[in-house]
């Protein structure tokens with residue numbers, strides 16, 4: 001794939017706008033699939049969590065509950081006040097009156113792309129795995145051999161999955177999600193990516209886009 005085609009790739013353009021923050025988080029397991037996730041770290045939230053000594057929060061029920069609360073605004077809700085009694089201060093702030101609760105936790109990053117490396121003969125399976133992320137982010141299948149089966153290309157086109165050749169050239173661009181799923185489970189994907197990023201942070205390198213890809217804090 002020539003360089004001009006790769007430059008036109010939407011993930012490349014997006015990553016260039018946020019080049020300082022765009023990172024590749026490799027070997028993270030999301031939806032039961034091992035992927036490379038491309039993420040924009042929420043630096044303000046990351047620093048806030050550092051100060052509060054709160055890492056990745058991987059309780060989907062808690063995340064789903066927190067989504068019912070506005071960030072930083074006190075809400076009178078004795079039920080949520082009681083339910084969050086065992087949470088550290090960096091997640092919620094609870095008033096002493098037994099009624100008011102204020103959500104502090106925000107998503108730690110934005111998930112821009114996921115890339116699944118396809119072993120030889122597993123391209124179609126990798127496309128189908130990538131399609132699991134259709135409601136969450138752009139998704140890609142990255143070939144590891146020079147020949148990509150036509151059936152995999154056709155399936156990818158039908159599912160909006162991008163295809164990268166063995167040199168990480170864009171053979172088929174990925175489509176943006178038609179609609180985004182926003183719930184506790186989608187937030188959980190972000191927290192799992194964040195957890196992996198925290199664990200591997202000394203080794204994390206800034207990556208411009210998926211075409212350049214290769215191959216814990218406290219959780220509640």
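The values are calculated or read from the model by the stated rules, or taken from the named source; none is laboratory data. Since this is a predicted model, take the numbers as computed values, not measurements. Note that each Cβ is placed from the backbone with ideal geometry, even for glycine, and that neighbours are counted across all protein chains shown.
Scan region 34-71 for residues that are in a loop (DSSP other than H, G, I, E, B), closer than 30 Å to residue 138 by Cα and more than 20 Å from the chain's Cα centre (by Cα) and jot them down. Matches in region 34-71: 68, 69, 70. Can you find a residue in region 134-143 that is surrounded by fewer than 18 Cβ atoms within 10 Å (Cβ to Cβ), at pLDDT 95 or above and touching a strand residue (DSSP E or B) at 6+ places or on another chain (Cβ under 7 Å)? For region 134-143, residues surrounded by fewer than 18 Cβ atoms within 10 Å (Cβ to Cβ), at pLDDT 95 or above and touching a strand residue (DSSP E or B) at 6+ places or on another chain (Cβ under 7 Å): absent. For region 149-186, give me the residue count where each residue is assigned to a helix (DSSP H, G or I) and closer than 17 Å to residue 139 by Cα. The total comes to 9.
In the condition set (1) on the phi < 0 side of the Ramachandran plot; (2) in a loop (DSSP other than H, G, I, E, B); (3) at pLDDT 95 or above, residue 89 is compliant with all but (3). Only one entry of 37, 5 meets the criterion of being at pLDDT below 95 and surrounded by 12 or more Cβ atoms within 10 Å (Cβ to Cβ), and that entry is 5.
Hey, does region 16-30 have a residue that's in contact with a strand residue (DSSP E or B) (Cβ under 8 Å, 6 or more places away or on another chain), under 29 Å from residue 129 (Cβ atoms), at pLDDT 95 or above and in a loop (DSSP other than H, G, I, E, B)? No, there is no match, as no residue in region 16-30 is in contact with a strand residue (DSSP E or B) (Cβ under 8 Å, 6 or more places away or on another chain), under 29 Å from residue 129 (Cβ atoms), at pLDDT 95 or above and in a loop (DSSP other than H, G, I, E, B). The test for being at pLDDT 95 or above, under 20 Å from residue 132 (Cα atoms) and either out of contact with any helix residue (DSSP H, G or I) (no Cβ under 6 Å at 6 or more places or on another chain) or exposed (fewer than 14 other Cβ atoms within 10 Å of the Cβ) (or both) does not hold for residue 181.
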